[in-house]
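Trainee: Take this structure first; my questions come after.
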Amino acid sequence: MLTKSTAEAVLREALRTGGDFAEIFWEDRKSGAMALLDGHVEAASTVRRHGAGIRVYNGLNSVYVHTNDTSLTGLIASARKAADAVQGDTPPFDLHLTRSICRNLHEVRQMPMDVAGSRKAQLLRACDLAAKGVSDEITQVRASLSCWDSEIQIANSEGLFTGDTRVYTRVYINAVASRGGDSQSGREAPGALMGYELFSGRVDVEAAARMAAQRAVTMLHADACPAGRMPVVIDGGFGGVIFHEACGHSLEAAAVAFGNSEFAGKLGERIASPLVTAVDDGTLPNEWGSLNIDDEGVPTTKLVLIEDGVLKNYMVDRLNGRRMGLPSTGSGRRQDYTLAPTSRMRNTYIAAGEDDEAEIIASCPDGLYARAMGGGSVNPVTGEFNFAVDEGYLIRDGKIDVPVRGASLIGRGSDILTRIDRVGRELRLAQGMCGASSGSVPVDVGQPMIRVTDITVGGR
Amino acid sequence: MERELFIRELLKRGAERGVSADVCYDNGSSFEVQVKDGQVLEYNVSDSAGLGFRVLKDGHTGTASTQILDDDALEQLLDGAVENAGLSESKDARFMYPGDAEYPALDLYNPALDAIPAAEKIDMAKRLESLALAQDDRVKQIESCAVFSSADARTLTNTLGLDVSMRTALLGGYVSVVARDGEKVNTGSKMFFTMDPDSVDLEAVAKAAVQEAVDGLDGAPVASGKYRVLLRRDVAGVMLRTFAGIFSADNAQRGLSRLKGREGEAIAAACVTLMDDPHRPDSASSAPFDGEGVATYAKSVIENGTLTTLLHNLKTAKKQGCETTANASRPSYAAVVGVAPSNFYFAPGGADFDALVAQTGDGLLITDLQGMHAGANAITGDFSLAAKGFVIEDGRLGRAVNQITVAGNFYQLLKDIEAVGADLEFRVPSASCYGSPSLLVKELSVAGK
């Protein structure tokens, strides 16, 4: 544990050369993974990560040092290294830490690392059987379980001394369907910021396994998607990755502060169709992307990004907030103690609208229905994005027609936002890992069914 | 606890519990400085160390790892690894390796590089930024500019007598620039990395990034259709990295590659040779031993179009009844042993880049691919990816192209390679390193206008 006296000594050392702000982030993380391949436990591993990162600001410049050695001597040595890289002129100031206990919005009951391996294997076996039960064409199922608990403590020179324990549990199911020399895969990966009780009520792993298997079988019998520009209906849930990639990253202060975003300088302006309201919410109970406090110790918030098409807020961390003259929105996140935090998404979604889902399809000109999306990426400067359609169908005469495979969607975020002409009523969320400069962090994406008047669809 | 004592004690207690065991200890330091407007923006320094412990019991392995070396950790590792081995139901027996009589002597650690003072690296980053700003009036904004260095060491020890170690050091940097012309905006970036600080040419790096951004400013889609495609060397390297898994015997044995049992068959055009060379100088992906402690050697995987071997570790080799190719991967001390290439590359052919453009005739040059982690199916080989590039008309480069997707299948692409360039270039080395010359491909599907 990080004691108050150690934290104070480390922060003082870090500020020795005139930095104006110092922070220590201490972490002890235990994680476990188990993978089942074709009904047999293939690998099980246990990992203990432990260390601390020390950050010093001098105005808008930031120094970050991290180490595994969290003894007083080790931390002081790291603080000295950080201080050596700073030449500031802030005179020494009073440093007094006051411990604060964060509100707990995310109750945890069963620590997943304590659950017996045999029980976990049983859960994975149930996934395997459920997936194989869907079709004889399912030739391989890989089911894996990943869980970790991370105990963190954060202290900074403004007097903050707080901490939290974060517990994550997630199952990954990947089913492969094969016929002749051809094969297709389908995946589902539900998870939450909670313990092993995830599997008693919140997530039905067998249903998820069947969904993954059914997707693989459907795509095995699908033809290649035709290429070109067309209207696209994107279903709820992981379909929200379109907003995450195409717009979310460009609303992070890390991109906006330097003008590396197509939405920089546009607060208060219309950037999207008036049907679009988008939210980044770190407070949703036990959601995968939720937190009590962010990785800078700031309580998370529910933040409206876009309201009826008008840009309302950026997602702001402490350092980029300084650069932009904006307060933190509790959006400072990092993968672990090895990385300095930056502004990141939490649970980001397009809010429910008023359109009837059946009407959205029925009134759609011939195009593509993307029932399940894969991942994607974006260049925040230009807004150019791309993402894959995991399960797609052609829309013909206002009806969902044959399945198509291999489709990808490309475009520019600002362009796509203005072309949304329908937003459905039922909001659904889905889990993902988002990668950026501060590493890989759990996030939810989400939306109701939406329709975009035209997108470039890549196919063959 | 002192590291060597900890490892000795761990292996001893493992032996007392009647298991074979190995320890993988990684430690390293890293440095990165980012600059903006001639000032240090972010400065990151780290020291890190971690220990992975693996036990072998009745043919099953279990692993556990830690970043703290204290008495508690000792027992947690033992209990964790033994429990994990007990849970394993894998039908394929695992093995540990007693070590080879000799290991190749590789020069992967340059003390001069490790000794470069921070101030000098900061200065390099500042110079790179100002060089990038000096190239073209349309580039007034730098998205990011950084110089980094790292030094890493690994020791592998086991209860069968294996005791090997290695060290690497690397210097690198990158610049990403934004070009603007009226409403038009485009980005370009270039990275460098080397073990020899004297070989760094910052001006060439800056020029390449700026040229990428400026040349692509006028980009517009082309009409959808089938195009003859020249994959520039860096893009061809990305393609190889994305689909490298199909050459893993582990994937083949699990039905995740179509190359199972196809050794000796022609799987690519006759002009294609694919190499795995763990001894390449100037690469941090080179190593004298693999993740299981087996001495490494260079090999061809495809020779003149014919699949010569898949990549093996001890487990997959035993299962197939052949020798390991020393491609056991252990990207970090905490990782489970798998299979991965070292320096994996298409061997260069004879044609220089301009000759390839001329040979393309009418088609597209692709200079950027995005979305590899989602738009590429590593099992089936299918890909559909966002791309940028240039039109090629009458054997000459024409206007810039963006907002298109390029789709195809990697297995088919291997067969459709019509010419291989002489311009072999490697990507940034990490656990593995991928390289390629430019490749001329008969046909790919393009979605645009």
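Taken together, the values in this text are just the output of simple stated rules run on the coordinates, not laboratory data. What you are looking at is a predicted structure, and each value in this text was computed from that prediction instead of being measured. We place every Cβ from the backbone using ideal geometry, glycine too, and count neighbours over all the protein chains shown.
Trainee: When you look at the Cβ of every residue in A:377-385, what mean number of other chain Cβ atoms sits within 10 Å? Walk me through the numbers on the way to the answer.
Mentor: Working: counts 7, 3, 8, 2, 11, 9, 1, 10, 3.
Taking the mean over all residues of the peptide, I get 6.
Trainee: What would the Debye formula give as log10 I(q)/I(0) at q = 0.07, 0.08 Å⁻¹ for the alpha-carbon point model of the range B:225-447, no solvent?
Mentor: -0.21, -0.28
Trainee: Next question. Would you mind pulling out the separation of the Cα centroids of the range A:330-347 and the range B:366-444, in Å?
Mentor: Here the two parts' Cα centres lie 33 Å apart.
Trainee: Near the amide H of A:V404, under 5 Å away, which other amide H atoms are found, from residues 5 or more places off or on another chain, if H is placed in the peptide plane?
Mentor: Long-range HN contacts for A:V404: A:G392, A:Y393, A:L394.
Trainee: Can you give me the angle between helix B:233-243 and the longest principal axis of chain B, using Cα atoms only, in degrees from 0 to 90, rounded to the nearest 10?
Mentor: Result, in degrees: 40.
Trainee: If you average the C-alpha positions of the range B:19-41 and of the range B:113-169 separately, how far apart do those two centres end up, in angstrom?
Mentor: 10
Trainee: Now, a different point. Using helices alone, I'd like the mean residue ellipticity at 222 nm for chain B: each DSSP H run of four-plus residues gives -39500 (n - 2.57), total over residue count, nearest 500.
Mentor: -7000 deg cm²/dmol
Trainee: Based on the Cα atoms of the protein assembly as shown, what semi-axes does the equivalent ellipsoid have, where each is the square root of 5 times one gyration tensor eigenvalue, given in whole Å with the largest first? List each step's numbers first, then the result.
Mentor: On the way: eigenvalues 276, 240, 196 Å².
Three semi-axes, in Å: 37, 35, 31.
Trainee: How much of the DSSP beta bridge set in chain A is antiparallel, as a percent to the nearest 5? Write out the running numbers ahead of the final one.
Mentor: On the way: 118 of 130 bridges.
In chain A, DSSP labels about 90 percent of beta bridges as antiparallel.
Trainee: Another question, then. Using +1 at the C-beta of Lys and Arg and -1 at the C-beta of Asp and Glu, which of A:P442, A:G236, A:V402 has the Cα lying farthest in the positive direction of the dipole of the range A:228-458?
Mentor: Farthest along the dipole direction, towards plus: A:P442.
Trainee: With a ≥ b ≥ c the root eigenvalues of the C-alpha gyration tensor of the range A:119-259, is it rounded (a/c under 1.5), prolate (a/b larger than b/c) or oblate? Numbers along the way, then the final one.
Mentor: On the way: a/c = 3.21, a/b = 1.34, b/c = 2.39.
Because a/c hits 1.5 or more and a/b fails to exceed b/c, the range A:119-259 counts as oblate.
Trainee: Computed FRET efficiency, Cβ-Cβ of A:S100 and B:S430, R0 45 Å: what is it to the nearest 0.05?
Mentor: Calculated transfer efficiency: 0.65.
Trainee: Follow-up. Rank-order A:40-47, A:414-421, A:381-388 by packing density, defined as the average count of other C-beta atoms within 10 Å over each peptide's residues, highest first. Mind dumping the intermediate values first?
Mentor: Values: A:40-47: 22.6, A:414-421: 19.5, A:381-388: 26.0.
Output ranking for A:40-47, A:414-421, A:381-388: A:381-388, A:40-47, A:414-421.
Trainee: Quantify how strongly other chains surround peptide B:76-87 by giving the mean number of their Cβ atoms within 10 Å of each of its Cβ atoms.
Mentor: Partner-chain Cβ atoms within 10 Å, mean over residues of B:76-87: 4.
Trainee: So if I restrict to the alpha-carbon atoms in the range B:3-215, what is the Rg, and what is Dmax, the biggest pairwise distance, in Å?
Mentor: Reported Rg and Dmax, both Å: 23.6, 73.
Trainee: Per residue, what volume in Å³ does the Cα convex hull of the range B:66-177 take up?
Mentor: 237
Trainee: Enumerate the calculated ³J(HN,Hα) couplings along the range B:136-144 in order (Karplus 6.51 cos²θ - 1.76 cosθ + 1.60, θ = phi - 60°), each rounded to whole Hz, writing x wherever the residue is Gly or Pro.
Mentor: 7, 4, 7, 9, 10, 10, 10, 6, 7
Trainee: Restricting to DSSP H runs of at least four residues, report the calculated mean residue ellipticity at 222 nm for chain A, -39500 (n - 2.57) per run over all residues, nearest 500 deg cm²/dmol.
Mentor: Details: 8 runs with 79 residues, N = 460.
After summing the helix terms and dividing by residue count, I get -5000 deg cm²/dmol.
Trainee: Got the relative contact order for the range B:190-327 handy, in percent, Cα pairs under 8 Å and 6 or more residues apart?
Mentor: So the answer I get is 20 percent.
Trainee: Cα centroid distance between the range A:185-201 and the range A:115-136, in Å?
Mentor: Comparing the Cα centres of the range A:185-201 and the range A:115-136, I get a distance of 13 Å.
Trainee: A follow-up question, please. Karplus couplings for the range A:277-292 from phi (6.51 cos²θ - 1.76 cosθ + 1.60, θ = phi - 60°), rounded to Hz, Gly and Pro as x?
Mentor: In residue order, the calculated couplings are 10, 10, 10, 10, 10, x, 9, 4, x, 6, 5, 3, x, 7, 8, 6 Hz.
Trainee: Now a separate question. Taking neighbour counts of Cβ atoms within 10 Å as a proxy for exposure, in what order, fewest first, do A:I450, B:I302 appear?
Mentor: Lowest count first: B:I302, A:I450.
Trainee: List the lysines whose alpha-carbon lies under 16 Å from that of B:K319, not counting same-chain residues fewer than 8 positions away?
Mentor: Cross-link targets: B:K91, B:K260.
Trainee: Share of antiparallel DSSP beta bridges in the protein assembly as shown, in percent to the nearest 5?
Mentor: Details: 227 of 256 bridges.
Within the protein assembly as shown, antiparallel bridges account for around 90 percent of the total.
Trainee: To continue, here is another question. For a footprinting-style exposure proxy, rank B:R330, A:R371, B:R167 by other Cβ within 10 Å, fewest first.
Mentor: Going from sparsest to densest Cβ surroundings: B:R167, A:R371, B:R330.
Trainee: Taking the Cα centre as origin and putting +1 on Lys and Arg beta-carbons and -1 on Asp and Glu beta-carbons, what dipole magnitude results for the protein assembly as shown, to the nearest 20 debye?
Mentor: The calculation lands at about 1100 debye.
Trainee: Something else: Let me know the mean shielding of B:34-45 by other chains, meaning the per-residue number of their Cβ atoms within 10 Å of its Cβ.
Mentor: Mean partner-chain Cβ count within 10 Å for B:34-45: 6.
Trainee: What are the lysines whose alpha-carbon lies under 22 Å from the alpha-carbon of B:K226, with same-chain residues fewer than 8 places away excluded?
Mentor: B:K388, B:K415, B:K442, B:K449
Trainee: For the range B:225-447, give the share of DSSP beta bridges that are antiparallel, in percent and rounded to the nearest 5; count only bridges with both residues there. Write out the running numbers ahead of the final one.
Mentor: Values: 44 of 52 bridges.
The answer is about 85 percent antiparallel.
Trainee: I've got another one for you. Quick one: grab the alpha carbon gyration tensor of chain B, order the square roots of its eigenvalues as a ≥ b ≥ c, and give me rounded if a/c is under 1.5, else prolate or oblate depending on whether a/b is larger than b/c.
Mentor: Note, shape of chain B comes out oblate.
Trainee: Sum up the lysine pairs in chain A that clear both bars: alpha-carbon distance under 22 Å and a spacing of 8 or more or different chains.
Mentor: Number of lysine pairs found: 6.
Trainee: If we count other beta carbons within 10 Å of each Cβ, what is the order of A:W26, A:W148, A:W288, fewest first?
Mentor: Taking fewest neighbouring Cβ atoms as first place, the list is A:W148, A:W26, A:W288.
Trainee: Still on this model: Give the shape of the range B:126-242 as rounded, prolate or oblate, defined through the alpha-carbon gyration tensor: a ≥ b ≥ c are the square roots of its eigenvalues, a/c under 1.5 means rounded, and otherwise the shape is prolate if a/b is larger than b/c and oblate if not.
Mentor: Here the range B:126-242 falls in the oblate category.
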